[in-house]
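Visitor: My structure is below; once you've seen it, I'll send some questions.
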Amino acid sequence: RPAPLSPADYLFKIVLIGDSSVGKSNLLARFARNEFYPNSKSTIGVEFQTQKLVIDGKEIKAQIWDTAGQERFRAVTSAYYRGAVGALLVYDISRRQTFDGVGRWLNELHTHSDMNVVTILVGNKTDLKHAREVSTAEGQALAEAQGLFFMETSALDSSNVAAAFQTVVKEIYSILS
Ligand code: GDP
Ligand code: MG
């Protein structure tokens with residue numbers, strides 16, 4: 001007989017937002033499955049993926065939601081945001097246009113979810129050093145002005161990917177406990 005499943009102490013819904021092709025699906029694939037898709041299409045991706053973390057001896061399930069490419073049509077629904085307690089707002093450091101879109105995503109997030117949703121601004125694709133269009137300092141300054149956490153990541157070479165997700169989960173946990 002299988003052992004009963006032990007319930008997690010906490011379940012946090014966390015949403016991935018940001019312009020199309022910034023690497024949201026690959027950040028989740030890297031974090032949850034240690035996978036990377038060099039030529040992924042925006043339709044690839046699961047509705048959400050659950051990842052277990054242990055903080056302070058408490059088991060936390062992070063239920064991380066990914067868009068199925070709806071952001072391309074500016075059609076991320078309110079159901080996507082409902083109940084979210086955390087968000088990763090991702091831009092691509094090699095495409096300034098995606099950084100310019102951050103304000104619009106923040107408005108959308110705050111329209112559809114609690115004002116206190118723990119949010120980290122994530123500058124992804126740091127491996128593209130020679131194509132960088134947004135400096136680390138600019139990302140940091142925007143995050144500071146908006147009261148967000150900040151981190152630069154690469155889903156390709158894995159740098160800071162786990163740290164970005166863990167930052168959000170730890171902060172949510174510390175607010176609740
Ligand atoms: P999404 O539309 O935001 O979900 O973006 P995807 O995860 O589908 O990624 C879009 C494209 O960028 C794909 O071709 C990925 O392989 C690529 N990509 C994602 N993350 C990185 C990264 O950290 N570095 C590089 N060089 N490419 C990346
Ligand atoms: Mg995607």
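The values are calculated or read from the model by the stated rules, or taken from the named source; none is laboratory data. This is a predicted model, so every value here is computed, not measured. Cβ atoms come from the backbone with ideal geometry, glycine included; neighbour counts cover every protein chain shown.
Visitor: What pairs come up if the first residue lies in the stretch 103-120 and is under 15 Å from PHE150 (Cβ atoms) and touching a residue at least 12 places away in the same chain (Cβ under 8 Å), the second is surrounded by fewer than 18 Cβ atoms within 10 Å (Cβ to Cβ) and not aromatic (Phe, Trp, Tyr), and their beta carbons are under 9 Å apart, counting only those six or more places apart or on different chains?
Guide: Between residues of the stretch 103-120 that are under 15 Å from PHE150 (Cβ atoms) and touching a residue at least 12 places away in the same chain (Cβ under 8 Å) and residues that are surrounded by fewer than 18 Cβ atoms within 10 Å (Cβ to Cβ) and not aromatic (Phe, Trp, Tyr), the close pairs are LEU106/GLN146; VAL118/GLU171; VAL118/ILE175; THR119/GLN146; THR119/GLY147; ILE120/GLU171.
Visitor: Here's something else I'd like to know. If you check every pair at least six apart or on different chains, which have Cβ atoms under 7 Å apart with a residue in the stretch 135-162 that is on the phi > 0 side of the Ramachandran plot first and a residue that is at pLDDT 95 or above and β-branched (Val, Ile, Thr) second?
Guide: Hits for this filter: ASN160/THR153.
Visitor: Do we find a residue being within 16 Å of ligand 1 (Cβ to nearest atom), of a type in the set (Lys, Arg) and more than 16 Å from the chain's Cα centre (by Cα) anywhere in the stretch 108-127?
Guide: Within the stretch 108-127, not a single residue is within 16 Å of ligand 1 (Cβ to nearest atom), of a type in the set (Lys, Arg) and more than 16 Å from the chain's Cα centre (by Cα).
Visitor: Do you know which of the residues in the stretch 49-101 that are within 24 Å of MET115 (Cα to Cα), of a type in the set (Asp, Glu) and within 13 Å of ligand 1 (Cβ to nearest atom) is nearest to the chain's Cα centre (by Cα)?
Guide: Within the stretch 49-101, the match that is nearest to the chain's Cα centre (by Cα) is ASP66.
Visitor: Restricting the stretch 8-48 to residues that are in a strand (DSSP E or B) and within 13 Å of ligand 1 (Cβ to nearest atom), which is surrounded by the most Cβ atoms within 10 Å (Cβ to Cβ)?
Guide: Once the filter is applied, the top-ranked residue is VAL15.
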